[in-house]
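Everything on this sheet refers to the single structure shown next.
The values are calculated or read from the model by the stated rules, or taken from the named source; none is laboratory data. Quick caveat, the model's predicted, so the values are computed rather than measured. Here the Cβ is made from the backbone with ideal geometry for all residues, glycine too, and neighbour counts use every protein chain on show.
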Amino acid sequence: MLIAEAATGGADSLGAEGYLRAAPGYVEALFAGPKAALRPLYEELVDLALRLGRDVKLSPTRTMVPLYRQHVFAQLKLATRTRLDLGLALGALKAKGRLIDTGGYAKKDRITHRIAIASATDIDAETQE
(Lines give C-alpha, C1' and ligand atoms only; values in the text may rest on other atoms or scores of the structure.)
Protein backbone atom coordinates (compact mmCIF):
# COMPACT_ATOMS: atom_id res chain seq x y z
CA MET A 1 0.00 0.00 0.00
CA LEU A 2 2.83 2.40 0.80
CA ILE A 3 4.42 1.72 -2.59
CA ALA A 4 1.09 2.45 -4.32
CA GLU A 5 0.70 5.69 -2.35
CA ALA A 6 4.20 6.79 -3.28
CA ALA A 7 3.71 5.85 -6.93
CA THR A 8 0.47 7.83 -7.20
CA GLY A 9 1.77 10.77 -5.19
CA GLY A 10 -0.67 10.28 -2.32
CA ALA A 11 -0.48 12.76 0.53
CA ASP A 12 0.75 10.14 2.99
CA SER A 13 3.83 9.55 0.85
CA LEU A 14 4.95 13.18 1.00
CA GLY A 15 5.99 13.50 4.62
CA ALA A 16 5.63 16.82 6.46
CA GLU A 17 8.10 18.76 4.33
CA GLY A 18 6.73 17.37 1.10
CA TYR A 19 3.20 18.25 2.13
CA LEU A 20 4.18 21.85 2.91
CA ARG A 21 5.68 22.12 -0.59
CA ALA A 22 2.63 20.52 -2.22
CA ALA A 23 -0.15 22.36 -0.31
CA PRO A 24 -0.10 25.60 -2.35
CA GLY A 25 -0.34 23.52 -5.52
CA TYR A 26 -3.46 21.82 -4.16
CA VAL A 27 -5.13 25.22 -3.80
CA GLU A 28 -4.00 26.30 -7.27
CA ALA A 29 -5.41 23.09 -8.76
CA LEU A 30 -8.72 23.52 -6.93
CA PHE A 31 -9.24 26.91 -8.55
CA ALA A 32 -7.88 26.14 -12.00
CA GLY A 33 -9.89 26.71 -15.16
CA PRO A 34 -13.61 27.47 -14.86
CA LYS A 35 -13.46 27.43 -11.05
CA ALA A 36 -11.04 30.40 -10.96
CA ALA A 37 -13.94 32.81 -10.43
CA LEU A 38 -14.48 31.28 -6.98
CA ARG A 39 -10.94 32.06 -5.80
CA PRO A 40 -11.79 35.54 -4.42
CA LEU A 41 -14.61 34.03 -2.34
CA TYR A 42 -12.19 31.40 -1.03
CA GLU A 43 -9.63 34.08 -0.14
CA GLU A 44 -12.23 36.14 1.70
CA LEU A 45 -13.40 33.13 3.72
CA VAL A 46 -9.80 32.20 4.55
CA ASP A 47 -9.16 35.77 5.75
CA LEU A 48 -12.23 35.59 7.99
CA ALA A 49 -11.16 32.22 9.40
CA LEU A 50 -7.61 33.37 10.13
CA ARG A 51 -8.99 36.36 12.05
CA LEU A 52 -10.53 33.92 14.54
CA GLY A 53 -7.14 33.43 16.15
CA ARG A 54 -3.47 32.70 15.63
CA ASP A 55 -4.11 29.01 16.26
CA VAL A 56 -6.33 28.59 13.16
CA LYS A 57 -4.57 26.52 10.49
CA LEU A 58 -5.40 25.47 6.93
CA SER A 59 -4.64 22.02 5.61
CA PRO A 60 -5.29 21.99 1.84
CA THR A 61 -5.97 18.69 0.13
CA ARG A 62 -6.75 17.87 -3.48
CA THR A 63 -10.50 18.16 -2.89
CA MET A 64 -11.00 20.69 -0.07
CA VAL A 65 -9.35 22.92 2.50
CA PRO A 66 -10.06 21.94 6.12
CA LEU A 67 -9.69 24.60 8.80
CA TYR A 68 -8.67 23.46 12.24
CA ARG A 69 -7.41 24.34 15.64
CA GLN A 70 -6.94 21.10 17.55
CA HIS A 71 -9.71 19.57 15.42
CA VAL A 72 -11.34 20.47 12.12
CA PHE A 73 -14.05 23.06 12.74
CA ALA A 74 -14.80 24.00 9.12
CA GLN A 75 -13.92 23.22 5.53
CA LEU A 76 -13.97 25.05 2.22
CA LYS A 77 -15.03 22.83 -0.63
CA LEU A 78 -15.86 23.48 -4.26
CA ALA A 79 -19.38 22.14 -4.67
CA THR A 80 -19.86 23.13 -8.32
CA ARG A 81 -18.16 25.43 -10.83
CA THR A 82 -20.24 28.28 -9.44
CA ARG A 83 -20.52 27.48 -5.74
CA LEU A 84 -18.17 27.06 -2.80
CA ASP A 85 -19.51 25.38 0.34
CA LEU A 86 -18.46 26.51 3.78
CA GLY A 87 -18.82 23.32 5.82
CA LEU A 88 -19.06 23.67 9.59
CA ALA A 89 -18.72 21.33 12.56
CA LEU A 90 -21.76 22.37 14.61
CA GLY A 91 -22.88 19.07 16.09
CA ALA A 92 -26.61 18.70 16.73
CA LEU A 93 -27.42 22.40 16.17
CA LYS A 94 -30.74 22.87 14.34
CA ALA A 95 -30.26 24.36 10.89
CA LYS A 96 -31.93 27.72 10.27
CA GLY A 97 -31.63 30.52 7.76
CA ARG A 98 -29.08 29.68 5.07
CA LEU A 99 -27.47 27.01 7.27
CA ILE A 100 -28.09 23.59 5.72
CA ASP A 101 -27.94 20.35 7.70
CA THR A 102 -25.68 17.95 5.77
CA GLY A 103 -26.83 14.88 7.71
CA GLY A 104 -23.29 14.66 9.03
CA TYR A 105 -24.28 14.53 12.68
CA ALA A 106 -26.40 11.41 12.14
CA LYS A 107 -23.54 9.83 10.16
CA LYS A 108 -21.02 10.85 12.84
CA ASP A 109 -19.15 13.05 10.34
CA ARG A 110 -17.22 16.01 11.68
CA ILE A 111 -18.82 18.49 9.24
CA THR A 112 -22.53 18.67 10.07
CA HIS A 113 -23.74 21.82 8.31
CA ARG A 114 -22.92 23.97 5.31
CA ILE A 115 -23.57 27.39 3.86
CA ALA A 116 -23.58 27.79 0.07
CA ILE A 117 -21.37 30.64 -1.15
CA ALA A 118 -21.91 31.67 -4.77
CA SER A 119 -21.14 35.39 -4.59
CA ALA A 120 -19.55 37.97 -2.31
CA THR A 121 -23.01 38.92 -1.01
CA ASP A 122 -23.29 35.41 0.47
CA ILE A 123 -20.45 36.25 2.86
CA ASP A 124 -22.58 38.26 5.26
CA ALA A 125 -23.26 38.52 8.99
CA GLU A 126 -25.01 35.12 9.00
CA THR A 127 -21.96 33.49 7.40
CA GLN A 128 -19.65 35.09 9.94
CA GLU A 129 -21.60 34.09 13.07
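Selection of the range 38-74 for residues being exposed (fewer than 14 other Cβ atoms within 10 Å of the Cβ) and under 19 Å from residue 26 (Cβ atoms) yields 40, 43, 47, 50, 57, 62, 63. Which of the residues belonging to the range 80-113 are in contact (Cβ under 8 Å) with a residue 12 or more places away in the chain and closer than 23 Å to residue 32 by Cα? Correct list: 81, 82, 83, 84, 85, 86, 87.
When you look at residue 41, is it in a helix (DSSP H, G or I) and not small (Gly, Ala, Ser), yes or no? Answer is yes for this residue.
Each row is one residue, and each column tells you yes or no for (1) assigned to a strand (DSSP E or B); (2) surrounded by fewer than 17 Cβ atoms within 10 Å (Cβ to Cβ); (3) at pLDDT 95 or above; (4) among the β-branched types (Val, Ile, Thr).
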| residue | (1), (2), (3), (4) |
| --- | --- |
| 76 | yes, no, yes, no |
| 87 | yes, no, yes, no |
| 93 | no, yes, no, no |
| 98 | no, yes, no, no |
| 104 | no, no, no, no |
| 109 | no, yes, no, no |
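Is it the case that the range 8-20 has a residue that's within 15 Å of the chain's Cα centre (by Cα) and either surrounded by fewer than 12 Cβ atoms within 10 Å (Cβ to Cβ) or at pLDDT 90 or above (or both)? No - not one qualifying residue is present in the range 8-20.
Checking the stated criteria, residue 47 turns out not to satisfy the condition of being at pLDDT 90 or above, within 17 Å of residue 127 (Cα to Cα), acidic (Asp, Glu) and in contact with a Ser or Thr (Cβ under 9 Å, 6 or more places away or on another chain). Listed by first and then second residue, the pairs with beta-carbon distance under 7 Å, at least 6 apart or on different chains, first residue in the range 42-59 and farther than 17 Å from residue 117 by Cβ, second exposed (fewer than 13 other Cβ atoms within 10 Å of the Cβ), are 55/69; 56/69.
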